[in-house]
Amino acid sequence: AGKDGFLATNSTIAYFTIISRLYNSAVPLKNLNPSQSFLTEISNFSKSLHEDFTITVLYSGWSKPVALDIESKFSEAGLGNILLTDYRNFGHGRHNWFDKKRRQSAIVALINKDDKELSSKTLNLLPKEIPVLKILSENISSNASIDLLAKSFYLVDEIGRLKGIDPGRP
């Protein structure tokens with residue numbers, strides 16, 4: 001996988017893959033390269049962020065490890081504020097953050113096949129002026145985790161580029 005930098009991206013993908021194979025008999029993923037349209041979405045999302053942004057990462061099930069990794073990378077590289085919440089907990093008052101901190105808030109929604117409907121219902125209730133980045137996986141179970149993890153690295157990289165911080169060498 002090559003040598004790791006500060007954020008251990010190669011090791012993290014390898015770790016997720018090993019754990020996946022231990023607990024799951026799913027067919028291994030063959031391609032983790034993002035589409036050009038996804039990279040454009042990341043760029044547009046990143047440019048829409050307030051200078052002093054706070055991103056709420058919405059997750060559930062297999063996307064929880066990815067949410068934790070995003071928070072870790074943003075904190076350790078000094079990229080920005082991250083709040084984590086499960087889709088189900090979001091409806092228990094977390095939405096009040098957006099009412100009071102609307103201008104500097106944004107959402108990254110981690111979505112896989114298992115939570116498409118719940119994520120759609122949740123995101124449709126939010127004010128339209130809040131920037132939302134959907135990181136989608138058409139995979140299931142642990143393969144969704146690996147796919148979402150690889151895609152999340154591009155978000156970390158883009159925010160780092162815009163802030164003038166190399167997340168791999170903060």
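The values are calculated or read from the model by the stated rules, or taken from the named source; none is laboratory data. Nothing here was measured: the structure is a model prediction, and the numbers come from that model. Keep in mind that these areas ignore ligands, DNA and RNA; they rest on the heavy atoms of the full protein, side chains included. Shrake-Rupley method; radii C 1.70, N 1.55, O 1.52, S 1.80 Å.
What the Cα convex hull of the stretch 56-170 gives, in volume per residue, is 94 Å³. Shape analysis of the stretch 70-127 places it in the oblate category; the axes a ≥ b ≥ c from the Cα gyration tensor give an a/c of at least 1.5, with a/b not above b/c. The share of accessible area on the stretch 32-170 that comes from carbon and sulfur is 48 percent, using a 1.4 angstrom probe.
Amide H contacts under 5 Å for Ile107: Thr56, Val132, Leu133, restricted to partners 5 or more places along the chain or on a different chain, H placed in the peptide plane at 1.01 Å from N.
Note on exposure: Thr54, Thr40 ranked by accessible area (1.4 Å probe, complete protein assembly) read Thr40, Thr54, with the most exposed listed first.
Cross-link check: pairs Lys73/Lys100; Lys64/Lys121; Lys101/Lys151 evaluated at a Cα-Cα cut-off of 22 Å; pairs beyond the cut-off: Lys73/Lys100; Lys101/Lys151.
Please calculate how many Å² of accessible area the stretch 102-170 carries per residue, with a 1.4 Å probe and no DNA, RNA or ligand atoms counted. About 48 Å² of surface per residue is accessible.
3J(HN,Hα) couplings calculated from phi for the stretch 51-57 with the Karplus curve 6.51 cos²θ - 1.76 cosθ + 1.60 (θ = phi - 60°) are, in sequence order, 4, 9, 6, 10, 9, 9, 9 Hz; Gly and Pro show x. In order along the stretch 80-96, the Karplus-derived 3J(HN,Hα) couplings, from 6.51 cos²θ - 1.76 cosθ + 1.60 at θ = phi - 60°, round to x, 7, 10, 10, 10, 7, 6, 3, 5, 6, 4, x, 9, x, 5, 5, 5 Hz, and Gly and Pro are given as x. Say the cut-off is 23 Å between C-alpha atoms; which of Lys47/Lys116; Lys47/Lys128; Lys116/Lys163 go over it? Going by Cα-Cα distance, Lys47/Lys116; Lys116/Lys163 fall outside the 23 Å limit.
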